[in-house]
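Notes to accompany the following structure.
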Amino acid sequence: MKTLSKILMGLLFLFVVSMHVIGQSTFFPATHESFQYIGRFDKTNPEQVRFDWPNSTIQFQFTGSEIALSLKGGARNYFNLFLNDTLHSVLHQPNDSIIKIKDIKKAGIHTLRLQKRTEGEMGIAVFKGVYLPKNEKLIISKLKTSRKIEFIGNSITCGYGTEGTSRHEKFLPSTENVNQSYALITSKAFNADCHVIAHSGLGVVRNYGAKNKVSVDRATMPMRFNQILDTDNSLLWDFNSWKPDMLVINLGTNDYSTKPYPDKAIFQNTYKSLIEKIQDVYGNIPVFLICGPLIDEPAYTNIKELANDMKQSNPELNIHFIGIPKALLNSTSDLGSDSHPSYKGQLKMAKHIIPTIATVMDWDYNLEINN
């Protein structure tokens, strides 16, 4: 399996640091000003940060030829580690570990980016800081881009099963890679920072397979929108700390994947309330309502109608509908685990929506970026 091969390769470079080596190093805690956090992080503990949303990213620059990370990933979480903009390894650290990255060949200042590739369902991760050899240091820099995009979605947005070898393959956490989702492909094409607020199986009012028209057993996506952590509703996100230039919602697939379908009025009114909440906290930023490609009717019509009705009621609203047809994806070559879009399918999705976003935002884009 492609992901497992990457993990095995990564193990050639990753070692648990002995206490002797740690004793000769300088520790930089998670609160150090050089760390840049992209996504929602719980910083209430001064000795560590916690995070669980997909694409939660820690990036920074440092000097030297080796570095060690203090990380507790949990049994089901996986992380992409990028070194100087190239994927170095895939990390799986179930326990509280010190992970040493050695043999960094390039001299000078290095950029490291740790990206959570799995969703909140896989558990909360903890980052405590890094160790550097004495006389090496972290660099205070401005690595963030000027553009910002937020995505609200379900398994498709999470990158569920993108690394699965076929649609018949059962999902494993190791095959989920948000970096291969249309959300990240789109963000990289626009050179934008990206927050991903997404959870597999959840809908606007009805989660996948629910027996009733409205789910009551667990929170839907609109209920989680204001949370720092996906799996903890006690901590509320400060919307003043980060404001996107635009926002993409891709919900409705789970509401209408199985019956009983939610009532149209309840679905549209709840979806409208989510959009109004977005406008309350972010202002009248462009909001793109996406439907597809794993579902079409009646979700397609209901969402498009909602966008049109809101625009007619208030022409100043910056709301745009983008429908992705089911025919976009080849039923074999474009699907990964559990018949979800593979990376190839996700790339098709991104190429379908990017031109519309570029026109509305008046942004240039580049689809040649791979990382």
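The values are calculated or read from the model by the stated rules, or taken from the named source; none is laboratory data. Keep in mind that this is a model prediction, so the values were computed, not measured. Ideal geometry is used to build each Cβ from the backbone, glycine not excepted, and the neighbour counts take in all protein chains shown. The protein model used for the area step is the full one, side chains on, heavy atoms only, and it has no ligands, DNA or RNA in it. Shrake-Rupley method; radii C 1.70, N 1.55, O 1.52, S 1.80 Å.
Tell me, how many Å apart are the Cα centres for region 90-117 and for region 205-269? Value for the Cα centre distance between the two parts: 34 Å. Based on the alpha-carbon gyration tensor of region 126-268 and its eigenvalue square roots a ≥ b ≥ c, which shape applies: rounded if a/c is under 1.5, prolate if not and a/b is larger than b/c, or oblate? It comes out prolate by the Cα gyration axes. Taking a temperature of 20 °C and a viscosity of 1.002 mPa s, what whole-number D in µm²/s does Stokes-Einstein yield for region 93-161 with Rh from Kirkwood over alpha carbon pairs? So the translational diffusion coefficient is about 133 µm²/s. Annotation: lysines with alpha-carbon distance below 20 angstrom to LYS106 (same-chain offsets under eight excluded): LYS134, LYS137. Listed peptides 104-114, 67-77 appear in the order 67-77, 104-114 once ranked by packing, highest mean of other Cβ atoms within 10 Å at the front. Bridgeable lysines around LYS272 (alpha carbons under 24 Å apart, same-chain partners fewer than 8 residues away excluded): LYS148, LYS211, LYS213, LYS243, LYS259, LYS264, LYS304, LYS311.
Would you please classify the overall shape of the chain from the alpha carbon gyration tensor, given that a ≥ b ≥ c denote the square roots of the eigenvalues, rounded means a/c under 1.5, and beyond that prolate means a/b larger than b/c while oblate covers the rest?
It comes out prolate by the Cα gyration axes.
Comparing ALA183, ALA30, ALA327 in a Gaussian network model of the chain where C-alpha atoms under 10 Å apart are linked, the largest mean-square fluctuation is found at ALA327. Which residues in region 78-109 have a backbone N closer than 17 Å to a point placed 7 Å from the Cα of THR63 along the Cα-to-Cβ line? Correct set: 104-109.
Using per-residue counts of other Cβ atoms within 10 Å, averaged over each peptide, order 212-218, 333-339 from highest down.
The packing order, highest mean first, is 333-339, 212-218.
Say we join alpha carbon atoms closer than 10 Å with springs in a Gaussian network model of the chain; which of MET310, MET122, MET246 then has the biggest fluctuation? For the chain, modelled as a Gaussian network with Cα springs under 10 Å, the answer is MET310. Over every Cα atom in region 229-371, the radius of gyration and the widest Cα-Cα span, Dmax, amount to 16.4, 44 Å.
Taking all protein chains into account, the per residue accessible area for the chain stands at 42 Å² (1.4 Å probe). Each peptide in 289-297, 357-365 gets a packing score, the mean of other Cβ atoms within 10 Å over its residues, and the list from highest to lowest is 289-297, 357-365. Helical runs assigned H by DSSP (4 residues or longer) give the chain a calculated mean residue ellipticity at 222 nm of -7000 deg cm²/dmol, each run adding -39500 (n - 2.57) before division by the residue total. Using the Cβ-Cβ distance between LEU317 and TRP363 with R0 = 30 Å, the FRET efficiency computed as 1/(1 + (r/R0)^6) comes to roughly 0.90. Available extension along the chain between THR31 and GLN279 is 86.2 nm, counting 0.36 nm per residue and deducting the alpha carbon span.
Summarising the strand pairing of the chain, around 70 percent of its internal DSSP beta bridges are antiparallel.
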